[in-house]
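Shown next, in structure tokens, is the structure this report addresses.
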Amino acid sequence: MSEQARPRTPKPYRRPKKDPVRILAFEALRAVDERDAYANLVLPPLLKKAREKEGPEKFDGRDAALATELVYGTLRRQGTYDAIIASCIDRPLREVDPPVLDVLALGAHQLLGTRIPSHAAVSASVELARVVLGDGRAKFVNAVLRKIAQDDFDTWVERVAPPYDADAEEHLAVVHSHPRWIVSALWDSLGGGRAGIEALLEADNERPAVTLVARPGRSTTEELAAATETEPGSWSPYAVKLAEGGEPGALQAVAEGRAGVQDEGSQLVAIALANAPLDGADGRWLDGCAGPGGKASLLGALAAERGAALLASEKQPHRARLVERALAGNPGPYQVIAADGTRPPWREGVFDRVLMDVPCSGLGALRRRPEARWRRRPADLDGFAPLQRGLLTEALRAVRVGGVVGYATCSPHLAETRVVVDDVLKKVGGAELIDARPLLPGVPELGDGPDVQLWPHLHGTDAMYLALIRRTA
């Protein structure tokens with residue numbers, strides 16, 4: 001028999017190698033896609049379970065850090081990676097199965113957003129595809145990623161994004177991985193030219209520091225700094241920032257509820273309301289949308305220092321229980337109730353200070369919840385609008401003449417901030433805006449006032465909004 005006629009010996013089947021880091025990252029992305037879960041809620045239990053495993057699949061700190069980077073990096077740059085992947089395939093992106101897209105996006109992030117060598121990124125992604133998708137689709141993954149590996153991130157972006165001069169919003173949307181409507185809304189809220197909006201969008205794609213709050217009378221920044229590696233917060237006297245890789249839950253003060261994880265923007269909102277000038281008594285404070293309890297716990301501690309009592313109200317019972325947990329051990333008097341702030345059980349005009357941190361789109365926290373940018377739609381704002389107006393209206397009814405209301409949102413969208421405040425003040429009457437800027441001492445670039453908008457790129461905080469309103473009649 002000639003050499004050419006000799007039948008080929010089939011290659012022996014090779015079992016795909018299981019990579020626990022990339023499998024975990026894939027599982028987290030599938031949970032985000034299939035269950036509308038949030039990565040910051042899905043990832044910690046997955047990492048905990050992986051750390052508890054015995055044997056070769058047990059995680060160490062470097063594994064956990066890589067898995068976290070793969071998940072969050074992929075979600076932050078999803079829009080850009082989708083555009084790049086779409087240019088490498090011969091069918092519409094919507095026709096590719098979502099699990100395949102997740103593997104491709106994870107591979108694209110390793111190729112274009114990390115220092116992992118190209119050959120290792122492709123090889124690891126193909127192995128992952130063999131484990132979770134099967135050999136057939138692994139070949140498709142291999143072909144696409146080899147195309148992507150031919151160029152770097154900047155080259156790909158130049159190829160798939162329209163020129164800025166031709167379509168500025170779409171250019172920014174593709175380059176900085178935000179839906180176009182969010183780019184437009186943020187640009188309107190920010191004002192100014194190209195440099196500001198690009199800085200903001202890029203800040204949304206950066207990993208934020210983990211910031212702790214030392215609750216007054218219960219902990220101090222010195223205690224937290226002595227327990228782990230930190231640096232002082234930028235603006236809040238109660239804030240410290242954990243060193244990269246620090247574990248908040250490992251700190252005794254956090255475990256005991258005397259300190260907690262809280263962005264400085266949220267801290268500043270509570271501090272500004274607590275320090276706003278009042279006429280008359282200062283003994284009854286209300287947090288009308290208290291869940292899950294971060295601002296309530298800081299307000300409760302500040303109230304206790306002055307002998308004031310805090311009522312923390314939250315509509316959803318399960319979130320009210322979170323508020324109870326956050327306030328447990330507060331040194332001063334407080335009460336937690338489950339109640340609807342638009343139909344409140346309290347009498348009118350009985351509170352000296354009221355905080356309404358209203359439900360909103362969350363566009364101010366896209367650094368922490370990058371997947372939210374792909375879930376929100378412009379129509380969502382119409383759903384929030386009546387609730388936001390109703391809550392602010394009831395807050396103004398709840399406060400006494402001379403008292404102060406703080407209206408806060410974790411969104412810079414004008415439809416959720418100034419438009420709401422202006423509409424309610426026109427209808428309610430007997431109330432006036434007071435300048436919030438002096439109540440954030442040392443914080444720069446707070447605009448023309450009297451309200452305040454914080455920004456990730458300017459202040460290193462979430463994009464929190466605060467308007468302070470005094471009841472005059």
Pull up the DSSP beta bridges for the chain and report the antiparallel fraction as a percent, rounded to 5.
-> 55 percent
Within the range 169-211, GluC sites (Glu not before Pro) in DSSP loop having at most 14 other beta-carbon neighbours inside 10 Å = GLU206
Roughly what would the spin-label model give for ASP448 and GLN335, points 7 Å off Cα along C-beta, in nm?
-> 4.4 nm
Report the net charge of residues surrounding GLY406, where surrounding means a beta-carbon distance below 10 angstrom and charges are Lys +1, Arg +1, Asp -1, Glu -1.
-> 0
Report, to the nearest 10°, how far helix 378-398 tilts away from the longest principal axis of the Cα atoms in the chain, using its own Cα long axis and a range of 0 to 90°.
-> 20 degrees
Order of 141-149, 126-134 by packing, highest average Cβ count within 10 Å first?
-> 126-134, 141-149
Label-point gap, in nm, between GLU198 and SER87 - each point 7 angstrom along Cα→Cβ = 1.8 nm
How do ILE182, ILE23 stack up against each other in accessible area, from largest to smallest, with a 1.4 angstrom probe?
-> ILE23, ILE182
TYR334, TYR238, ranked by accessible area, largest first (probe 1.4 Å) | TYR334, TYR238
Protection-proxy order for peptides 314-322, 369-377, each taking the mean of Cβ atoms within 10 Å per residue, highest first = 369-377, 314-322
In order over the range 280-285: 3J(HN,Hα) from phi, Karplus 6.51/-1.76/1.60, θ = phi - 60°, whole Hz, x for each Gly or Pro, gives x, 5, 8, x, 10, 10
Ordering ASP188, ASP340 from largest to smallest accessible area (1.4 angstrom probe), what's the sequence?
-> ASP188, ASP340
Gained length - VAL401 relative to ARG319, 0.36 nm times residue gap less alpha-carbon distance = 26.5 nm
Would you pull out the residues with amide H under 5 Å of ALA431's amide H, same chain only if 5 or more places away, H placed 1.01 Å from N?
-> THR472
Quick calc: nm separation of the 7 Å Cα→Cβ label points for GLU206 and GLU348 -> 4.7 nm
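The values are calculated or read from the model by the stated rules, or taken from the named source; none is laboratory data. Predicted model, so just to flag it, every value in this text is computed and none were measured. Note: ideal-geometry Cβ built from the backbone for every residue, glycine included; neighbour counts use all protein chains shown. Only protein heavy atoms, including side chains, enter the accessible area calculation; ligands, DNA and RNA are left aside. Shrake-Rupley method; radii C 1.70, N 1.55, O 1.52, S 1.80 Å.
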